[in-house]
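Worksheet for the structure shown next.
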Amino acid sequence: MKLLTIPPAGPATPLLSLKAVSFDCEATTLDVKSSQILELGAVAIVNGEVKPSLHFASYIHGAGTIPEESVRIHGITLKKLVGAPDFATAYKRFRVFYGRHVLLGYAIDFDFELLSQECARVGLPWKPAMALDVRSLVRVLNPALPDHSLETVAAWLGIDIVDRHRALGDATLTAQVLLALVPRLRHRGIRTLGEAWGACENVEGRGQVITVREGLPGRSMARVDSFPYRHRINEVMKGPPVMIGPKVAIRRAIAIMVESKVSSLFVEPKEKNGPVGILTERDILRAIAAGQESALAAPVLRFASFPLVTARANDFVYVAMGLMRRLSIRHLGVSDDEGKLIGALTQRDLLRLRADEALALSGALADSASVAQLASVWHRLAEAARALVEEDVDARDVAAIISGEVCALTARAATMAEAEIAAGQARPAGLTYAVMVLGSGGRGESLLALDQDNAMIFSCPDEAAAEAWLVQVAGRMNAILDMVGVPLCKGGVMARNGQWRLSTSAWRHQVERWLSRTDPADILNADIFFDAVGVHGDVELVEDLRNEAIAAATESEAFLKLMSLSATDTGTAFNWMGGFRTDEKGRIDLKRLGVLPIFSAARTAALRHRIHERSTRGRLAALRGNLAVPQRQLEALSEAHSLLMAAILRQQLSDIESGIAPSSNVDPKALSALEQSRLKWALQQVKSIPDLLDVPAA
């Protein structure tokens, strides 16, 4: 592994998967103006791990004298400097070593002052690199320490000290301190490099601490082919699929390919209820090359591949591209939501759909073998969203992509958690279960201010054993998601909590209870459940339960009336002068005052009219042409939903770049006059929700 080949970190990089270089200088004295550097040392952190093999260490020749008191501290004498490179040579090598990576230091301003003075002395240009002062992070977490020396901090964190007051030793210790701080920082809501920069500035005072951001890596993803992220597989697939029996001869298969103008055939199962297979042009060429003419009479079963890899028709095209890339295949089957094979998709179909490699998240999540690797992949989500926004992709499509990755990440976390628990405790016999994503993730409307909304459903002859096993899987899954960058839900809507981890019969009882109660909390819980989507395990358990719940809800007029009233119970977005009603930070919560009322209304209307769509856009679209629904308000709410989502997403991307945790709060003053006008129009459309739901206005 070479450090130069590792992409540098940026503001959105999780601290858990940080790539950085920790460095230290040893000098003749502590007086910067008269001191000279005697030694430079550095070590790399890659994906949240110290890599001792990736290090830099060099004495520096040139000091006239070294005070005895300094020698007693670091042990560096003039004799040890004989034959060492001068500062100019050593510094140039150091610059090559760390490249464009973030530099970590402890009281880093002292080291930067030394480097600046030395560069000036030898006529080298000096520009500070991206940097983070680990001492400032210590002050964020524990300002009450008696002092903030490395020795005191190491003792607090339980880190053994090795080679103290040597450049490489202190650089390594600084790196270890940072990694030990990461879990503590996460509990304080500081998860990314940008948020760490912001925390340092807050504790030290802006301009009083070295958190250099100049020279941030360029946005190489700013221009991408956005087609794979705006279109779904059913728009580019070919169908219906061309099937062939397993005993049909290769010669006949070739004729069918020519007649049908296809490059592959789907092969019927070898046995009843078995998987479908695939025979491609390449399979036939290999067969002929191996068996020559005799291969033409052989059955296709001998050369076909089983099982056929499929993608869902409703998935975005980039999911198919990720599957093909990860599995090194050129053909996919396409299935509907019930798993029925309805079409085919080939690499040839996708040649014109080139997406930037950095945006191929789907396969990378599935390939991640550790939590740190997951975090490393996950931070690219914000970069992908930024690239799509700059391509003017509809914010609702960007949200659908983010939600798809939330579901993929949840599935991967569940798989990892299940494997860890099963390694120490056998899975109960007869257990089937599924993990579901609820709320915005289930609706396909997640943006970048994420938290967890998930649940489990299970069936097992021994429910007590299943519960004892699943509580461990759920706890570990939620912990992995939290470490990667999807925080724990403040409302407790997570599978680790018993009320969101139930057997099929207990879930049915829970839904019945929700539908019969008038408590606002029950209405809210039922609301997010209607958006549920299965992401791991036996997902049919989720679909069956959701379908039963929707059927029951549509029959309960009292419940629908309560949902309607809840959807229309919104605050006001405007002050008495007609301006935006903002908080003490000058921001307005567009989710609470705009997006939430709209998606709640769409969900309620969908239930009332027996519509099974999950997304707000899909639900509103399904209501078009319904004479019982006012069409003008319907179209206005759909457009308002798009505008509000876009405003939130753009603010979130700006906040991430600035080291501010993303939220749904938007600063209207940061918008142009036209954007403010459009935002006001969007928020005013919320007033039409009572008309949509046929509820008297408050």
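The values are calculated or read from the model by the stated rules, or taken from the named source; none is laboratory data. This one's a predicted model, so the numbers in the text were calculated from it and none came from an experiment. Quick reminder, even Gly has a Cβ in these numbers, built from the backbone with ideal geometry, and neighbours come from all protein chains shown. Each accessible area value is taken on the protein alone, full model and side chains, heavy atoms only, with ligands, DNA and RNA left out. Shrake-Rupley method; radii C 1.70, N 1.55, O 1.52, S 1.80 Å.
If you scan region 270-304, which residues turn out to be in contact with an Asp or Glu (Cβ under 8 Å, 6 or more places away or on another chain) and more than 16 Å from Leu345 (Cα to Cα)? Answer for region 270-304, where residues must be in contact with an Asp or Glu (Cβ under 8 Å, 6 or more places away or on another chain) and more than 16 Å from Leu345 (Cα to Cα): Phe303, Ala304. Residue check: Ser654 meets all listed conditions (1) in a helix (DSSP H, G or I); (2) in contact (Cβ under 8 Å) with a residue 24 or more places away in the chain but one, namely (2).
When Met494 is tested against the conditions (1) at pLDDT 95 or above; (2) part of a loop (DSSP other than H, G, I, E, B); (3) open to solvent by 20 Å² or more (accessible area, probe 1.4 Å), the lone failure is (3).
Enumerate the pairs (first residue in region 632-650 and closer than 16 Å to Asn665 by Cβ and among the small types (Gly, Ala, Ser); second residue anywhere and open to solvent by less than 30 Å² (accessible area, probe 1.4 Å) and outside any helix (DSSP H, G or I)) with beta-carbon separation below 8 Å, excluding pairs fewer than 6 apart on the same chain, so at least 6 apart or on different chains. These pairs meet every condition: Ala647/Val666. If the condition is being part of a loop (DSSP other than H, G, I, E, B) and within 18 Å of Gly194 (Cβ to Cβ), then region 96-150 contributes Arg100, His101, Pro128, Ala129, Met130. When Asp667, Asp694 are screened for being among the charged types (D, E, K, R), at pLDDT below 90 and surrounded by fewer than 19 Cβ atoms within 10 Å (Cβ to Cβ), only Asp694 passes.
Exactly one of these conditions fails for Glu113: (1) more than 21 Å from Gln176 (Cβ to Cβ); (2) modelled with pLDDT of 90 or more; (3) of a type outside the set (Ser, Thr, Tyr); (4) touching a strand residue (DSSP E or B) at 6+ places or on another chain (Cβ under 7 Å). Give me its number. So Glu113 meets the others, but not (4). Picking from residues in region 337-348 that are more than 26 Å from the chain's Cα centre (by Cα) and more than 18 Å from Ser263 (Cα to Cα), the one that is least open to solvent (accessible area, probe 1.4 Å) is Gly339. Against the test of being among the acidic types (Asp, Glu), surrounded by fewer than 19 Cβ atoms within 10 Å (Cβ to Cβ) and closer than 23 Å to Thr192 by Cα, the options Glu420, Glu405, Glu383, Glu390 yield a single qualifying residue, Glu390.
For region 413-467, give me each residue that is within 28 Å of Ala384 (Cβ to Cβ), in a loop (DSSP other than H, G, I, E, B) and out of contact with any Pro (no Cβ under 6 Å at 6 or more places or on another chain). Answer for region 413-467, where residues must be within 28 Å of Ala384 (Cβ to Cβ), in a loop (DSSP other than H, G, I, E, B) and out of contact with any Pro (no Cβ under 6 Å at 6 or more places or on another chain): Leu438, Gly444, Glu445, Ser446, Leu447, Leu450, Gln452, Asp453. Flag: Arg139 does not match the condition of being among the basic types (Lys, Arg), at pLDDT 90 or above and closer than 23 Å to Asp163 by Cα.
Picking from residues in region 85-118 that are buried (at least 19 other Cβ atoms within 10 Å of the Cβ) and of a type in the set (Val, Ile, Thr), the one that is farthest from Lys19 (Cα to Cα) is Ile108. Among the residues in region 71-84, are any modelled with pLDDT of 90 or more, in a helix (DSSP H, G or I) and open to solvent by less than 20 Å² (accessible area, probe 1.4 Å)? Yes - at least one qualifying residue is present in region 71-84. Between Leu137, Leu173, the distinction of being over 23 Å from Gly485 (Cβ atoms) and open to solvent by less than 30 Å² (accessible area, probe 1.4 Å) belongs to Leu173 only.
The helices (runs of 4 or more DSSP H) falling completely within region 528-646 that include 2 or more residues that are surrounded by 20 or more Cβ atoms within 10 Å (Cβ to Cβ) and of a type in the set (S, T, N, Q) map to 557-568, 596-608. Of the numbered criteria (1) modelled with pLDDT of 90 or more; (2) among the hydrophobic types (A, V, I, L, M, F, W, C); (3) within 35 Å of the chain's Cα centre (by Cα), the one Val122 fails is (3).
Given the residues Leu181, Leu185, which is the only one that is in a helix (DSSP H, G or I), open to solvent by less than 10 Å² (accessible area, probe 1.4 Å), farther than 25 Å from Ile402 by Cβ and at pLDDT 65 or above? Answer to the check: Leu181. Note on region 149-167: residues that are open to solvent by 70 Å² or more (accessible area, probe 1.4 Å) and touching a helix residue (DSSP H, G or I) at 6+ places or on another chain (Cβ under 8 Å) total 4. Taken together, the residues in region 499-513 that are at pLDDT 95 or above, more than 15 Å from Ala549 (Cα to Cα) and either part of a helix (DSSP H, G or I) or open to solvent by 50 Å² or more (accessible area, probe 1.4 Å) (or both) amount to 1. The number of residues in region 239-260 being within 20 Å of Leu308 (Cβ to Cβ) and open to solvent by 100 Å² or more (accessible area, probe 1.4 Å) comes to 3.
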